[in-house]
Structures are given as C-alpha cells and as structure tokens.
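To keep things clear, I will list the structure first and then write my remarks on it.
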Amino acid sequence: MDWSSPTADTGGVPGLPSKEPERIVASLRRHGRAMFWPSMLLLAVSFAVAYLTGRFSEPWQNWAIAAGGGLLVLLFWLLPLLRWLSCRYVITTRRIVVRGGLFVRTRQELMHSRGFDVTVRQGALQRLVKSGDVLINTGLDRPVVLADTPAAQLVQSTLHDLAERDRGQNR
C-alpha cells in the first residue's frame, strides 16, 4: 500500500489521504462585466487618438497626443485587465482556493471539512446578470468574499453540497 499517494486506500482513517483524488469542480473569476467601462474607454481613446493624430502642425504635439492616449490605455484599461485576470477562485472537492494580487500574490485556502456559512449578496445589476458576491463566513473576523461571481446561486448551492459531502465522508 502506497501511503504517499492521494488515491491510496486508507480504510477511512482520519488525517490520511482519502480514496478519492481531489478534483476541480469550478474555476472562476469575477464577472466579465467588470471590464465593460475600461473597454469603452479603450475604444474612446483609440478613436480620439486616431482622429487627432496628424491634425497638429508641430510633430511633438502629435507625439504628445499618442503618448497621452497610450498612458490612458495603460492606466485605465491594461491595469484593470491585469487585475481582473490575476484574481481566480478555484473550487475543488476538498477546498476553496482564492488567489489574487497583481504585484503581491495572495493565496487563501478554505477546507470544506472546517465548515462554513455561505451567503450571496446581490445588487440590482448583479441580479440581472445572475452574478453576486459570495460571502463565506468561517467564524473569523471577516468573511471571505468571492466578489462579483458569475452564477452566484449555483456557486452557493455547490459549496453547500460539497461541504455536506465532505462532512459525510469524515464520519
């Protein structure tokens, strides 16, 4: 018997790897509408730079328009895009992993076996697109928030099912 293998048969001994390997149930990030206004700004800046470049008599003025447009795109489209891409929520059969951070990476793990309370908070716009903030209360100071999660109700019910399943296996 190989005790180091996560699929080794341990006979249900607590603290040892279980029979079933950990599987990814869902891999999520914030709803894509978080990039709506930055993308609208990208289009507006692109059109403005294309329209204004070449209209000035001095070459430095044309360069200044292009540089200003590039700076606006960098600050108000590229940085929000990188921030949106850097945040990820992974739900597995054993835990929830919240990874985020653009310059300083943060990784937080919540085991289903610890037990937690799951709440969904939705604003009016979030209800229209069926997203919401999933609040996971672990009993500590602040709840862990999966911000603007797509299909928030489905995520909530999945987390409840996984926690119940995990409690049933540990008995």
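Annotations for the structure displayed:
- Taking the stretch 148-171 as the range and being surrounded by fewer than 18 Cβ atoms within 10 Å (Cβ to Cβ) and among the small types (Gly, Ala, Ser) as the test, the residues that pass are Ala151, Ser157, Gly168.
- Taking the criterion of being more than 24 Å from Leu42 (Cα to Cα) and small (Gly, Ala, Ser), no residue of the stretch 58-99 qualifies.
- Residue in the stretch 115-126 that is nearest to Arg88 (Cα to Cα), counting only those that are open to solvent by 20 Å² or more (accessible area, probe 1.4 Å) and among the hydrophobic types (A, V, I, L, M, F, W, C): Val120
- All told, Val129 meets the bar of being more than 18 Å from Arg88 (Cβ to Cβ) and among the aliphatic types (A, V, I, L, M).
- Cβ-Cβ contacts under 9 Å between residues 6 or more apart (or on different chains), taken from a first residue in the stretch 120-135 that is farther than 16 Å from Arg29 by Cα and modelled with pLDDT of 95 or more to a second residue that is of a type in the set (Phe, Trp, Tyr) and in a strand (DSSP E or B), are absent.
- Elements of type strands (runs of 3 or more DSSP E) contained in the stretch 1-114, each with 2 or more residues being at pLDDT 95 or above and open to solvent by less than 70 Å² (accessible area, probe 1.4 Å): 24-28, 88-92, 95-100
- Members of the stretch 144-171 found to be over 18 Å from Arg94 (Cα atoms), in contact (Cβ under 8 Å) with a residue 24 or more places away in the chain, out of contact with any Asp or Glu (no Cβ under 8 Å at 6 or more places or on another chain) and not in a strand (DSSP E or B), listed by number: Gln153
The values are calculated or read from the model by the stated rules, or taken from the named source; none is laboratory data. Here the structure is a predicted model, which means the values were calculated and not measured. Positions of Cβ are generated from backbone atoms using ideal geometry, with glycine treated the same way; all protein chains shown enter the neighbour counts. Just so you know, the surface numbers come from the protein's heavy atoms only, side chains and all, with ligands and any DNA or RNA stripped out. Shrake-Rupley method; radii C 1.70, N 1.55, O 1.52, S 1.80 Å.
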